[in-house]
Amino acid sequence: MTAIVQRAGFLTSVQDLGRTGFRQFGVSTSGALDSFALRVANLLVGNDEGSAGLEITLGGLQLQFEDERIVAWCGGAFDVEIGSRALPAGHVAHLQAGDELKFGRAQIGCRCWLAISGGIDVPVVLGSRSTDLRANFGGLEGRVLHDGNVVLLGAQSGSSAFAKATADKSPPATGISSWTAPHDWASPANRHPNLRFVRGVDWNRFDDVTIQRFTIHEFSVSPDSDRMGVRLDGPELKREDETDLISEAVAPGTIQVPPSGKPILLLGDCQTIGGYPKIAHVITVDLGIAAQLRAGDGVRFFEVSLQDAHGLLMERERDLERFRIGLSLQR
Amino acid sequence: MQITALGDSALIVRVRDQFEDAPEETLNEVFRAFHLLRDAGIPGIIDLAPAYTSVAIFFDPIIVAKVSGKPGGLFDWLAERVREIVTAGAHRGRRVRSTKTAARPVEIPVCYDPEFALDIDRVAEQAQLSAGEVVDLHSGSEYRVACNGFVSGFPFLAGLPKKLATPRRDTPRKEIPAGSVGIGGAQTGIYPLRSPGGWNLIGRTPLQLFDPTKDPPTLLCPGDRVRFRAITREQFESLKQ
């Protein structure tokens with residue numbers, strides 16, 4: 001019950017919805033940088049939303065499956081193939097034993113999440129199967145996948161709607177669904193994305209000119225960005241007072257401004273405590289777009305109220321609930 | 001007490017504005033708030049992170065919206081609950097005069113040999129002391145874990161003698177070995193894992209500070225009282241095994 005990693009690609013790791021409850025020990029969230037994309041992909045293949053999948057950065061992954069599996073992926077614009085057939089984002093594929101699944105380079109965005117029926121079977125460490133790439137634990141031996149690795153897959157529930165529909169076919173054949181998850185969910189990447197934010201804890205420490213620079217100008221994603229954070233180039237953001245702040249919690253989505261004046265948008269592998277002023281926080285529903293930012297992309301920031309941020313999140317959860325019910329009715 | 005949103009799924013409760021003027025009292029207040037909030041079990045709260053003057057609360061807005069019945073005002077509802085819990089607890093604490101929060105004493109053996117103490121001369125120069133006096137001062141003081149952060153299991157220790165405060169290195173090292181004891185500004189701490197870092201290194205402990213297979217996963221927890229004990233190179237090697 002395995003998949004063989006024929007090619008690991010640029011940076012592929014096992015991730016689930018992340019680790020919570022251990023911040024007091026300094027343990028980062030980790031997890032799929034777009035947890036919503038992983039939830040949707042998991043639902044498509046009949047898994048629990050929180051099953052572990054693979055986070056693929058910039059493509060290059062090639063897997064061969066030992067047994068029949070249902071797979072789906074969501075995220076950036078990648079060319080994905082099963083043999084010579086294309087598997088677009090948000091569609092569901094029924095793979096036969098021996099099938100090969102191949103991720104090309106990212107056209108837009110930089111990450112995607114692959115769900116496989118049964119999930120990736122790695123031990124749960126501190127409540128999660130996610131790989132902590134900084135502290136090197138969780139996932140597959142606490143590291144990224146390497147060429148030739150064998151990934152254990154979990155037992156399949158057989159509850160995927162698509163599996164039921166294709167199960168009676170004889171002879172068994174590789175199939176790709178014609179229906180798909182909503183496009184915004186399956187493929188949220190964009191070359192000039194907008195990110196919505198709520199005011200940061202230290203918003204008032206910045207003067208009007210700085211706030212204007214932050215909210216009007218486009219920022220460019222710097223190449224030294226990773227799962228910890230996206231470094232942004234653009235107009236310099238300066239604080240009014242230069243006093244050292246007392247360190248306190250930061251979170252994925254926090255935009256902090258170090259003395260260089262170049263903001264950093266924190267992502268899932270960020271540290272738990274930080275001492276730089278926090279100008280803003282990207283709202284939860286836009287973290288999936290933030291997860292797609294790659295070097296050279298231009299990004300703009302727009303303010304929303306905390307109420308709106310919560311409203312958007314609740315709306316998305318209601319839509320996902322409808323989607324979940326829709327999938328179960330197909331079974 | 002000041003409660004501020006840290007994005008749409010977390011908030012920060014600041015119990016004090018300042019830290020350095022009264023570290024011990026401030027930490028006591030922070031950990032009291034931390035324990036009160038942990039024990040209160042507010043539905044939807046998924047994580048708590050104490051640090052110096054504050055406790056951060058991470059929550060699931062969907063659950064809080066349901067529990068509060070106020071989807072449009074869930075932040076205010078939660079902030080109000082938090083305020084009640086922390087304030088009521090503080091009053092109770094004063095009545096029974098038990099302001100002391102449970103603080104475990106932990107002793108950390110440290111080898112201050114020159115091989116591990118790459119920056120001790122820099123610290124000594126800054127303090128106008130000899131390297132030996134730096135060791136005596138560092139190992140003769142009591143510290144308190146203000147929080148864990150930077151990487152998993154990195155304890156930020158308050159209580160460094162003012163004399164030993166040394167600015168971080170201008171150029172951080174690309175790789176610092178696990179167990180390295182350092183001074184960064186007015187704090188001291190221990191690198192639990194091999195990692196980059198800019199603190200001045202003055203010694204190394206043979207103990208493992210972070211083990212994700214253990215509960216708790218860190219040797220030092222927020223609030224613990226810490227003392228360093230100087231050990232020889234031989235003791236370091238034997239403790240490491």
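The values are calculated or read from the model by the stated rules, or taken from the named source; none is laboratory data. It should be emphasised that the depicted structure is a prediction, and the values quoted were computed from it without experimental measurement. Heads up, the Cβs are rebuilt from the backbone with ideal geometry, glycines too, and the neighbour counts pull from every protein chain shown.
Being in contact with an Asp or Glu (Cβ under 9 Å, 6 or more places away or on another chain) and in a loop (DSSP other than H, G, I, E, B): is that true of B:Pro212 here? Answer is yes for this residue. Would you check if there is a residue in region B:148-164 being more than 14 Å from chain A (Cβ to nearest Cβ), surrounded by 20 or more Cβ atoms within 10 Å (Cβ to Cβ), touching a helix residue (DSSP H, G or I) at 6+ places or on another chain (Cβ under 7 Å) and not small (Gly, Ala, Ser)? Yes, the conditions are met somewhere in region B:148-164.
Among the residues that make up region A:96-117, is at least one of them within 14 Å of chain B (Cβ to nearest Cβ), under 20 Å from the mean Cα position of the chain (by Cα), not aromatic (Phe, Trp, Tyr) and not in a strand (DSSP E or B)? There is no residue in region A:96-117 that is within 14 Å of chain B (Cβ to nearest Cβ), under 20 Å from the mean Cα position of the chain (by Cα), not aromatic (Phe, Trp, Tyr) and not in a strand (DSSP E or B).
For every residue, the table says whether it meets (1) in the same structural domain as A:Ile120 (by TED's automatic domain parsing); (2) in a strand (DSSP E or B); (3) in contact (Cβ under 8 Å) with a residue 24 or more places away in the chain; (4) closer than 19 Å to A:Arg129 by Cβ.
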residue: A:Thr20; (1), (2), (3), (4): yes, no, yes, yes
residue: A:Thr29; (1), (2), (3), (4): yes, no, yes, yes
residue: A:Ala32; (1), (2), (3), (4): yes, no, yes, yes
residue: A:Ala41; (1), (2), (3), (4): yes, no, yes, yes
residue: A:Asp48; (1), (2), (3), (4): yes, no, yes, yes
residue: A:Glu55; (1), (2), (3), (4): yes, yes, yes, yes
residue: A:Leu63; (1), (2), (3), (4): yes, yes, yes, yes
residue: A:Trp73; (1), (2), (3), (4): yes, yes, yes, yes
residue: A:Ala77; (1), (2), (3), (4): yes, yes, yes, no
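The single condition among (1) closer than 19 Å to A:Ala181 by Cα; (2) charged (D, E, K, R); (3) in contact (Cβ under 8 Å) with a residue 24 or more places away in the chain that A:Asp67 does not satisfy is (1).
Could you tell me whether A:Arg134 is within 30 Å of B:Pro216 (Cα to Cα) and buried (at least 24 other Cβ atoms within 10 Å of the Cβ)? Break it down stepwise before answering.
Details: within 30 Å of B:Pro216 (Cα to Cα): yes; buried (at least 24 other Cβ atoms within 10 Å of the Cβ): no.
So A:Arg134 fails the test.
Condition check ((1) buried (at least 23 other Cβ atoms within 10 Å of the Cβ); (2) among the charged types (D, E, K, R)) across all residues:
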residue: A:Asn190; (1), (2): no, no
residue: A:Arg199; (1), (2): no, yes
residue: A:Val209; (1), (2): no, no
residue: A:Gln212; (1), (2): no, no
residue: A:Thr215; (1), (2): no, no
residue: A:His281; (1), (2): yes, no
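Only one of the numbered conditions (1) surrounded by fewer than 23 Cβ atoms within 10 Å (Cβ to Cβ); (2) of a type in the set (D, E, K, R); (3) away from chain B (no Cβ under 14 Å) is violated by A:Arg69, and that is (1). Against the conditions (1) farther than 20 Å from B:Val55 by Cβ; (2) not in a strand (DSSP E or B), B:Ile202 satisfies every one except (2). Looking at region A:246-297, the strands (runs of 3 or more DSSP E) lying wholly inside it that each contain 3 or more residues that are within 12 Å of chain B (Cβ to nearest Cβ) sit at A:254-256, A:278-282.
Quickly run through region A:208-240 and pick out the residues that are acidic (Asp, Glu) and either away from chain B (no Cβ under 14 Å) or under 19 Å from A:Phe197 (Cα atoms) (or both). Show your work before the answer.
Here is the first cut: in region A:208-240, the residues acidic (Asp, Glu) are A:208, A:218, A:224, A:226, A:233, A:236, A:240.
Answer for region A:208-240, where residues must be acidic (Asp, Glu) and either away from chain B (no Cβ under 14 Å) or under 19 Å from A:Phe197 (Cα atoms) (or both): A:Asp208, A:Glu218, A:Asp233, A:Glu236, A:Glu240.
Scanning region A:8-37 for residues that are more than 27 Å from A:Arg316 (Cα to Cα) and β-branched (Val, Ile, Thr) turns up A:Thr12, A:Val27. Where helices (runs of 4 or more DSSP H) fall entirely within region B:13-119, those with at least 3 residues that are within 13 Å of chain A (Cβ to nearest Cβ) and more than 23 Å from the chain's Cα centre (by Cα) are at B:61-68, B:74-95.
Determine, yes or no, whether B:Ile183 is touching a Ser or Thr at 6+ places or on another chain (Cβ under 8 Å) and either closer than 17 Å to A:Gln271 by Cα or surrounded by 24 or more Cβ atoms within 10 Å (Cβ to Cβ) (or both). So B:Ile183 fits the description; yes.
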